[in-house]
Structures are given as C-alpha cells and as structure tokens.
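Single-structure report; data block below.
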Amino acid sequence: MTPSVLVVGEPHGDGLAPVTAEAVGVAHVLAGADGPVAGLVGGAGSASAIRELGQFGVGRVLRIDDPGVEGASPGALARAVAAAASTVGARLVLLGGTTFGRDLAGRVAVAWNAAAVNGATDLRWDGEALLARRPVLGGRATETRRLLGGRYVVSTRPHAFPVPERPPVSPSVEAAPAGPVPPLLLGPKRLGVKAVPSGSGPALADAAIVVSGGRGVRAPENFRLVEELASALGAAVGASRAVTDAGWRPASLQVGQTGRTVAPQLYIAIGISGAIQHLVGMMSSRVIVAINNDPAASIFRVADYGIAGDLFEIVPALTAEVRRVRGT
Amino acid sequence: MEIVVCLKPVPDAETRARPLPDGTRFDPEGVKFVLAGYDESAVEQALLLKEAIPGSAVHAISLGARSRTDEVLRAAIALGCDSATAIEASPAAFEDPIAVAAGLRAAIEGLPHDLVLLGKQSGDEEEGLVPGALGELLGLPHFGFVVDLRWDATSQRLRFGRSTEAGEESWEAPLPCVIGLQQAWNDPRTAKLPAILKSRRAPIATVRAPTGPPEGPTSEPARFELPPPRTGAKMIEYRTPAEAATKLVRILSEEAKVFP
Ligand SMILES: Cc1cc2nc3c(=O)[nH]c(=O)nc-3n(C[C@H](O)[C@H](O)[C@H](O)COP(=O)(O)OP(=O)(O)OC[C@H]3O[C@@H](n4cnc5c(N)ncnc54)[C@H](O)[C@@H]3O)c2cc1C
C-alpha cells in the first residue's frame, strides 16, 4: 500500500512559505510515484495557497474554515491538523521546519498519537519505520532517528530539500473536519504581526544566506558594511554576541549557543573570532566563508574559504563585486 | 504565580562528541552535563517573574540520570528556586522527546503550576518538540520560540513575542500556559557562595516516571555520526581587495555553487 502523506501549508503573505513547497517535494518522494499527497491550508489567503499546492502536484486539499483557529494558539491548530490527518488516512504529516512548523509538530504528535522529529535533512522508509537524519549538538554531529509505530510527524529543515518539479494539477478542495476546541486553547490572542519590512531581507532562521558581523567591525555605525553586503546578496543579517551584548544590534540577531542556530547554504562571518559558543550556532551551514585580519583566528579552522585581511577593505570590495555580478 | 521551570542537563558545549562503538548514539562516557546557558536564562526569567509578583514560587524540575539532574537542580536552588524535583526513569524511556514530555508531565501534575517554562533546546537534540507535546499532554495552551516574556498585571495576562516567517508576532495569553523560550536575552544572575553551599543540603524530591519503552509510536536513535573533520579554510591569495572579492565570488558560484 502506498503511504498517504499530509503536508501542512504554512501561510506566508498571500500564499505559502517556500518551505511548504520543499515539504511537498519530500511528500511526493515518500508517498511513492503516484502515492496520495494531500495538503492542509488555513482560511484567509487560501485561494492562492491552494493554487500553489496544485502547482507542486498536490491533488487534494483540505481547507480549515474555522476563523477561530487562525490567530489562536498552536493548540487549536494542532487539533485541526490531527483531525485532517485521520480524515485522509495519513501515515505521515509533514511540516516545514520553521518556527511555525517546529512549534506545531510536538503538539500534533501527541494529539494524533504519532512519533515525531524536527528539522530533518534526509528521510527514507525502512519497512514500516521512517529514518530521519538531522544535525544535532549544534551541528557538531548528525543523528539518524528511527521512528516507529506507523504514524509520524516530521518537520523538514528549510533549504534541505529541493522545490519539486511536477506537472501542475487542479486540486480537489474540501472542508477540513472541524472538531470542538477546548476553550482553554482559545484563551491566547495574537495582538498583531509586524510584517518584516520588505527590503530588510529574509528572517535569520530561514535564510539561504546569512552574513554575520562581530566585534571586528569596531563600532555600531560600521555594522552597515555587513548589512550592505547582506542586502546585495539577499541575505539575512546575523551577529556575534559581542555585537548584541554591546547593544550595536538587537539580541534577535545573535547567532550561537545562546542565540539562534542557523544552517544556511552560505554563512559569511566578518570580524568574528570563532568562539565555540558562536560556532555551535552556525557549524551546520553548507559553505562557510570567513573574513578576519588575524590569519590564526579559529574561525578559519571551520570555514571552507577564508580571506585574511582588513574587513574595512575587503567587505566593501565584495559588496561591489556582488552588485556588479548581479547587475544591481 | 506558581512557576515550574523544566531544566535539562545537556552536554557541555566544549564536549567532544563521539559515537558509541556500535554507532547508534552519542557516547555519554566522560561527558560533562551542565545547566545549559538557555536554561539558566529560563531560571532567570522565572525568578524575575517571581520577584515581580508577590507570593510567587519557582519549582525546578529535571529529568534524566540522577547524577546529572541533581547537579542541575542544585544549581537552580542556589540561584533562588524554591523547590527541586528529579524525575527518574530508565534512559531508554527518554530517548524520545514525546516520552520526555510525558516524564515532565508526571512531575508537573504533582506541583502547583500556573506557568510552565522551558529553555531553548536547540543546542541539544529536541529542536522544540517538547513544549508543544507537553502542552497537549497537560491540556494547556503552549507557545514555543518565545521572546520578551512579561507579566501584565493590569490584564493579568502574559505578554510575549515570537518571530516567524510572517514577521514579529505579539501575543497575550492567560494562565495556565506552557512557554518555551527562544533565547537568552536576559543576563542570568550568578549564584552567591553561601547559597551554593546551602544548596548542597537542599532536599530534592523524586518522581518516578513511567519506565520501559513507551507504548505506541516512538522514536529511537539509529545512528550517530561525526562530520568529516573540517580541514581548515582554503585561503584566498590576493594582492588587492578587489582581487580577493572577484576570486571569492567566482569560487562561490563555480565551486561551491551557492551563488548567485
Ligand atoms: C555561556 C556563554 C554563551 C555564549 N553564547 C554566545 C552566542 O550565542 N553567540 C556568540 O557569538 N557568542 C557567544 N558567547 C561569547 C563567545 O564566547 C565570544 O566571546 C564571542 O562570540 C566573541 O564575539 P566576536 O567573535 O565578535 O568577538 P572577538 O572574539 O573579539 O573577535 C573579533 C574578531 O575580529 C577580528 N578583527 C578585528 N578587527 C578586524 C578587521 N579590521 N578586519 C577583520 N577582522 C578584524 C579579530 O581578529 C577577531 O578575530 C557566549 C559565551 C558564553 C560564556
């Protein structure tokens, strides 16, 4: 029997977050060539979300019409996901491994009585079991977990899987089953969302490229060198703790043990020495580039490519070169 | 406010991770387990709330091998937590994050709890599954990846932020609630020597969680691998900054294929 897979669509602007498309690609592979893949989307903005799912070959879409679920706590949504998974007879629920997906996964697993793993970078069946690989210990090691018991909830790490190329279909749409949500779960209220202003680059945790600056930039006003390179690359901006502790940039940009863990395709460390507490937050990046005027800096031991030199000279040259190549 | 703070002993960041000879999992032999930096921050958050709201108490709980939990719980007492509970079980029962949540529930249900706080766990292995699983098991709302948690006395609600793909969200939630914190944005206090000495004699309560492998769906470690050692950066030779820039951009697009 081909295993049926349900992909939970993550709303983003008018459509879906890019990571949802990546999860759909994984779903097609795990469901087998013509295995059933279903999608779940929320009320507002669902028309374009449904169209997007169709473009990636999802033939059946369940739509949550209960406005109470949207903007309520993840608890209310988890119940809806569990009910939809049962309706489509899924063996696997896939989510994108963003804040949204990772936060939901544990709750869905309990509500639907499934085994769960977050942030998978590789997935394959092993008979009835599912093998999921992911970086652990801040990228210092990789663990493969065996999920057992026939029902699985998995979030996929952003950028770990390609966006699928499938013949587009026009999906069937049905209402997702609505169950009673305990009043306690409807207590929390979202007061607002400050959309990340366009032009300020992607969110740090989900970015394909991250450019981070450290104490080597010497003063808050110089940090714009880092930001300009990031902007030329369409990258997110990060920082070492030296920078956030000094208040040069907000703590939300801090990468490392006590900040965020990032794993982009490309990580550029500028004026960062490479303390272990910083390294554990970025070591599973695919390619690491370091720019530092101390050729003995530890960052060069984990980097793939290094430029030993003065960041005040190198970074503006790099920004100019990126702009030239990109024609911007 | 009765606050339960869940603490997890994690391998020290300086630890050299290595697999067991059978390659299935991490070898804990000789590894130092410590109160993680982000758990220190969760304790700090709990203590700040306690200080802001008269009549509050903070209960520290920790799950795992006794030698590891007691160390972490005593550190929490020395910082100012009011009680400590160790959750004991066979290691096999806790190799799955959902089972971990079930173990935490066993202790939390025996304690008064308006707010259950967890630190960020990404340096370790669970990547944010536990707060949601725990919320569902307790039948309480939960939020993971929370920043800037505050108590609003006027509305008698928690206020906090979360940064998601959609942007910076702001939320308010009534108690009871389970909160997983995203990062250490506060400056954790350090324990004073007399408090550390006193914590050595502090009582630690014991809860025995369900032992044996959990029934139904679960997960187990199958393989633990170290990445091939990084051989060090390929250094770019250059005479002028412009040449360095041209060479790097070419390498990134042609060799590393990450750009443009
Ligand atoms: C419990 C704990 C948790 C921590 N958590 C984190 C964390 O999450 N994230 C984090 O980042 N740190 C963390 N730290 C701090 C960490 O140990 C380091 O202190 C910090 O990462 C150093 O930041 P830095 O590399 O920017 O500064 P420095 O170590 O001061 O390095 C600055 C670098 O800039 C280079 N430089 C100077 N001038 C130039 C120039 N003109 N051109 C090029 N290069 C130049 C120098 O050679 C040097 O290598 C933590 C520490 C502890 C104890």
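The values are calculated or read from the model by the stated rules, or taken from the named source; none is laboratory data. What you are looking at is a predicted structure, and each value in this text was computed from that prediction instead of being measured. Reconstructed Cβ throughout: ideal geometry from the backbone, glycine too, with neighbour counts over all protein chains shown. Side chains are part of the model used for accessible areas, which takes the heavy atoms of the whole protein and leaves out ligands, DNA and RNA. Shrake-Rupley method; radii C 1.70, N 1.55, O 1.52, S 1.80 Å.
Placing a pseudo-label 7 Å from each Cα along the Cα-to-Cβ vector at residue B:172 and residue A:301 gives an inter-label distance of 5.1 nm. Each listed q (0.11, 0.16 Å⁻¹) maps to a log10 I(q)/I(0) for region A:243-312, found by the Debye formula over equal Cα scatterers with no solvent: -0.24, -0.52.
If packing is taken as the average count of other Cβ atoms within 10 Å, what order do B:243-254, A:163-174, A:96-107, A:227-238 fall into, highest mean first?
Packing proxy ranking, top to bottom: A:96-107, A:227-238, B:243-254, A:163-174.
The convex hull drawn around the Cα atoms of region A:67-130, when projected onto a plane and averaged over every direction, covers 4.7 nm². Each helix, a run of at least 4 DSSP H residues, gives -39500 (n - 2.57); summed and divided by the residues of chain A, these come to -8000 deg cm²/dmol at 222 nm. Straight Cα distances below 24 angstrom link residue A:194 to the lysines B:120, with same-chain residues fewer than 8 positions distant left out. The mean number of Cβ atoms from other chains found within 10 Å of a Cβ in peptide B:61-74 is 0, as a whole number. Residues whose amide H lies under 5 Å from that of residue B:27, counting only those 5 or more places away or on a different chain, are B:18, B:20; hydrogens are built 1.01 Å from N in the peptide plane.
Annotation: Cα Rg of region B:16-64 relative to the compact-globule expectation 2.2 N^0.38 Å equals 1.76.
Can you divide the C-alpha Rg of region B:192-260 by 2.2 N^0.38 Å and report the result to two decimal places?
Cα Rg divided by the expected 2.2 N^0.38 Å: 2.49.
What is the diffusion coefficient of chain A in µm²/s, taking the Kirkwood radius over Cα pairs and the Stokes-Einstein relation at 10 °C with a viscosity of 1.306 mPa s? D = 75 µm²/s. Within the assembled protein chains, the solvent-accessible surface assigned to residue A:125 is about 70 Å², based on a 1.4 Å probe. The 3J(HN,Hα) values that the Karplus relation (6.51, -1.76, 1.60; θ = phi - 60°) gives for region A:296-313 are, in residue order, 9, 4, 4, 4, 5, 6, 9, 6, 8, 10, x, 10, 8, x, 6, 4, 5, 9 Hz. Gly and Pro appear as x. With Cα atoms as the point set, region A:230-274 shows a radius of gyration and Dmax of 10.4, 28 Å. Which percent of the Cα-Cα distances in region A:4-186 go past 30 Å? Of all Cα-Cα distances in region A:4-186, 11 percent exceed 30 Å.
Report the local net charge at residue B:102: Lys and Arg +1, Asp and Glu -1, summed over other residues whose C-beta lies under 13 Å from its C-beta.
Numbers: positive: B:105, B:208; negative: B:95, B:96, B:109, B:136, B:215.
With Lys, Arg at +1 and Asp, Glu at -1, the net is -3.
Take the eigenvalues of the Cα gyration tensor for region A:201-328, scale each by 5, and report the square roots as semi-axes in whole Å, largest first. Numbers along the way, then the final one.
Numbers: eigenvalues 70, 51, 45 Å².
Here the semi-axes work out to 19, 16, 15 Å.
log10 I(q)/I(0), Debye, Cα-only region A:150-242, no solvent, q = 0.14, 0.23 Å⁻¹? For region A:150-242, the Cα-only Debye profile gives -0.89, -1.18. Backbone phi angles across region A:112-121, fed through the Karplus curve with coefficients 6.51, -1.76 and 1.60 (θ = phi - 60°), yield HN-Hα couplings of 10, 6, 10, 8, 9, 8, 10, x, 5, 10 Hz in residue order; Gly and Pro are listed as x. Straight-line cross-link partners of residue B:257 among the lysines, defined as a Cα under 28 Å from its Cα and at least 8 positions apart when in the same chain: B:234, B:247.
If you wrap a convex hull around the alpha carbons of chain B, what volume per residue comes out, as a whole number of Å³?
In chain B, the Cα hull volume divided by residue count equals 202 Å³.
Centre-to-centre, using Cα atoms only, region A:217-280 and region B:206-260 are separated by 17 Å.
For the protein assembly as shown, the Kirkwood hydrodynamic radius comes to 24.5 Å, computed from all pairs of different C-alpha atoms. Summed over both chains, the area buried between A and B is near 7700 Å², taken from the accessible surface of protein heavy atoms with a 1.4 Å probe.
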